[in-house]
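Everything below concerns the one structure shown next.
Derivation of every value follows stated rules applied to the coordinates shown; laboratory data play no part. These numbers come from a predicted model, not from an experiment. Because the Cβ atoms are built from the backbone with ideal geometry, glycine has one as well, and the counts that use them run over all protein chains shown.
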Amino acid sequence: MSTPLVLSIQSHVAYGHVGNRAAVFPLERLGVEVMPVHTVQLSNHTGYATFPGDVFGAAHVSRVLGGVAERGAFARCDAVLSGYLGDAALAAVVAGAVDAVKAARPGALYACDPVMGDRDGGLYVSPEIPEAMRGRLLPRADVLTPNHFELEQLAGGRAQTLAEVLDAAATLRRLGPALVLVTSLEVEGGPPGPRDKVSMLLSTPSAAWRVDTPRVGFDVEPNGAGDLVSALFLGRLLQTGDPVAALEHMAAAVAGVFEHTRRAGRRELALVQAQAELVNPARPVRAVRVD
């Protein structure tokens, strides 16, 4: 089997593991080749008091992507992965890259991680970005990986029960993506409760599947988990063609990374220390059909 190739358009930090720093190494450790293009370059993620660096404008990112295209790489690209944009104008640039890759390589996938905010902090991008995501990127996506807050933002309403989450995911699938992976399922009423488990839900055209892993306690929860989830899910999907198998592998691997991070007493994901978990998770996870 040939080595999959992914074009990853995300943020970059020098310190820590978010954006491309949370995606490139895990994908490469899985055996997936990656072409990272950065939308921002910061010293560290924005959870710290300071984060010097720059947001790259649409013209800069477009030039980099143009150079990649000149190398003929789009014709070998199996998937595009996008994450944090920083500037709403970048949505058009990403959309153009997706269109160019799909024209050069029919069958290539586009996985969109709509990084916009979370339930604790609300929206942490400019107000223009959700609409840019909804208008330009969602219709082109084959895979969408929102957290619960982002699911609600894109679907246009609160989703407080499992039935409402399933409805919201189905709504988004009708707009483009065949697969919607809700990376942080937070619903009312239901075992296992949110205090002791982390839950994710995958909505497909034929069924929906849920995975639960033990919640790992942190004084300060590490950033970058969503970026890691999207990368691992896409990587295993490319390798297996099986969304449920990709879900199970990803969930087990992320749980293993979190446990290593907790033991190390670190605020940043311990990706290097936990790299064996990325390939062969120590504790397998099984998905349960929920519809």
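Using a Gaussian network model of the chain with C-alpha springs under 10 Å, which one of GLU164, GLU186, GLU268 is most mobile by mean-square fluctuation? Of GLU164, GLU186, GLU268, the most mobile in the Gaussian network model is GLU164.
In the stretch 234-291, what trypsin sites (Lys or Arg not before Pro) fall in a loop by DSSP, with at most 14 other Cβ atoms inside 10 Å? Sparse-neighbourhood loop trypsin sites (Lys or Arg not before Pro): ARG286.
Gyration tensor over the Cα atoms of the stretch 1-61: the corresponding equivalent ellipsoid has semi-axes (square roots of 5 times the eigenvalues, largest first) of 24, 15, 5 Å. Under the combined filter of DSSP loop state and at most 16 neighbouring Cβ atoms within 10 Å, the stretch 57-146 retains these trypsin sites (Lys or Arg not before Pro): ARG71, ARG119. Magnitude of the charge dipole for the stretch 137-291, about its Cα centre and with charges confined to Cβ atoms of Lys, Arg (+1) and Asp, Glu (-1), is about 240 debye. Determine the dipole magnitude for the stretch 7-122: charges of +1 sit on the beta-carbon of Lys and Arg, -1 on that of Asp and Glu, nothing else is charged, the reference point is the Cα centre, and the result goes in debye to the nearest 20. So the dipole magnitude of the stretch 7-122 works out to roughly 240 debye. Dipole of the stretch 5-289 computed with +1 at Lys/Arg Cβ and -1 at Asp/Glu Cβ about the Cα centre; of GLY157, SER206, ALA255, farthest Cα towards the positive end is SER206. The residue list LEU27, VAL93, THR39 was ranked by how far each Cα lies along the charge dipole of the chain toward its positive end, using unit charges on Cβ atoms, and LEU27 comes out on top.
Spin-label model, ASP167 to HIS60: label points 7 Å out along the Cα-to-beta-carbon direction sit 4.3 nm apart. Taking semi-axes √(5λ) of the Cα gyration tensor in Å as calculated from this structure, the corresponding entry among (1) 38, 32, 17; (2) 26, 22, 20; (3) 44, 30, 16 is (2).
Under a model in which nothing but the beta-carbon of Lys, Arg (+1) and Asp, Glu (-1) is charged, the stretch 5-289 shows a dipole of about 500 debye around its Cα centre.
For the chain, the relative contact order is 16 percent, taking Cα pairs closer than 8 Å that sit 6 or more residues apart in sequence and dividing their mean separation by the residue count. The ranking of ARG283, ARG105 from fewest to most other beta carbons within 10 Å of each one's beta carbon is ARG283, ARG105.
Between the beta carbons of ALA89 and THR50, assuming R0 = 30 Å, the FRET efficiency works out to 0.75 to the nearest 0.05.
One decimal place: the segment GLN273-ARG215 gains 18.9 nm when fully extended, by the rule 0.36 nm per residue minus the C-alpha distance.
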